[in-house]
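The numbers here are math on the coordinates, done by the rules we state, and not lab data. Remember, it's a predicted structure, so these values are computed and weren't measured experimentally. Using ideal geometry, Cβ is built from the backbone for each residue, glycine included, and neighbour counts are taken over all protein chains shown.
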Amino acid sequence: MFGTCGALIYKVMKAIAKQYCEAADIDTNNPYLNKKGQTFPHFEDTGRYEKVIKPMFDRVFAFIGLLLLSPLCVGIAAAIYMDDPGPIFFTQIRVGKDKHFFTLHKFRSMRMDTPHNIPTHQLSDPEQYITRVGRVLRKTSLDEIPQLWDIFRGKMSIIGPRPALWNQEDLIVERDKRGANNIKPGLTGWAQINGRDELEIPMKTRYDGDYTEKLKKGGLSAFLFDCRCFIGTIFSVIRRDGVVEGGTGAMHTK
């Protein structure tokens with residue numbers, strides 16, 4: 001019975017994901033694509049792991065995660081609304097695979113009057129905008145849960161470079177040098193467990209490039225490296241490693 005019900009829910013969610021796609025004109029003003037609508041020279045997908053196995057794992061685990069965490073999500077949604085009435089989810093244009101734009105989803109952790117398209121570390125005083133519930137969500141990374149939906153619909157991966165905001169040109173340019181824009185962004189990744197917000201952009205993109213190189217090699221080594229990143233993320237979240245509100249590159253200043 002449970003298997004049949006789960007299969008039905010999966011099919012329904014897959015149908016919804018197919019319908020819920022990005023606007024046809026989302027890349028119209030994308031400055032990172034050339035005139036033909038293609039990305040600049042990049043590495044092609046290599047190996048069965050990146051093209052078939054990893055996307056399959058991503059969708060299955062995202063589906064399981066969404067089901068198991070649904071009661072928690074309902075509680076978080078209620079807490080967000082009671083703390084600061086307004087939308088439960090926060091959406092933002094981010095840079096995806098091959099520098100195409102996509103819409104990223106998070107639980108809203110900041111007040112309704114927060115500037116929308118400015119990275120937290122670029123706000124003069126980000127603490128003033130974070131809600132009481134949002135403070136807990138950000139420290140525990142629970143605000144990231146809705147990105148399981150972005151993974152399920154194929155815009156993200158569980159493991160990969162964190163998706164850059166559309167106007168973070170410095171980060172995108174540095175990732176270009178290491179080929180890190182040519183893979184799907186992730187919910188967590190190698191840079192996330194090696195400093196997260198504390199990393200300056202050159203060091204962050206170095207980790208992103210290292211991950212890209214591992215993924216492109218494919219095979220068992222790529223799978224094991226993904227496992228390493230996933231397990232490392234669990235410990236990082238428990239220890240709350242690398243969370244720096246309003247700053248990036250804090251490791252350099254310590």
With a Förster distance of 35 angstrom and the Cβ-Cβ distance between Ile231 and Lys14, calculated FRET efficiency to the nearest 0.05 equals 0.80
For Thr131, other-chain or 5+-apart residues with amide H closer than 5 Å (H placed, Pro excluded) are Met110, Arg111
Counting Lys and Arg as +1 and Asp and Glu as -1 over every other residue whose Cβ sits under 12 Å from the Cβ of Pro202, the net charge comes to +1
Expected vector for region 3-17, Karplus 3J(HN,Hα) from phi with 6.51, -1.76, 1.60 and θ = phi - 60°, integer Hz, x for Gly and Pro, equals x, 5, 5, x, 5, 5, 4, 4, 5, 5, 5, 5, 5, 5, 4
Non-local residues with an amide H under 5 Å from the amide H of Trp190, with H modelled 1.01 Å from N and Pro and chain starts lacking one, are Gly160
Amide H contacts under 5 Å for Phe89, restricted to residues at least 5 apart in sequence or on another chain and with H modeled in the peptide plane, are Arg108
Taking Lys and Arg as +1 and Asp and Glu as -1, residues besides Arg111 with C-beta under 12 Å from its C-beta add up to -1
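Going by average Cβ neighbours within 10 Å, how do the peptides 52-63, 206-217 rank, with the highest at the top?
Order by mean packing, descending: 206-217, 52-63.
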Karplus ³J(HN,Hα) for region 188-194 (6.51 cos²θ - 1.76 cosθ + 1.60, θ = phi - 60°; Hz, whole; x = Gly/Pro) runs 8, x, 4, 5, 5, 9, 10
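My understanding is that a pair violates if its Cα-Cα distance is over 30 Å; which of Lys139/Lys217; Lys51/Lys139; Lys18/Lys139; Lys155/Lys177; Lys51/Lys204 do that in this structure?
Listed pairs above 30 Å: Lys139/Lys217; Lys51/Lys139; Lys18/Lys139.
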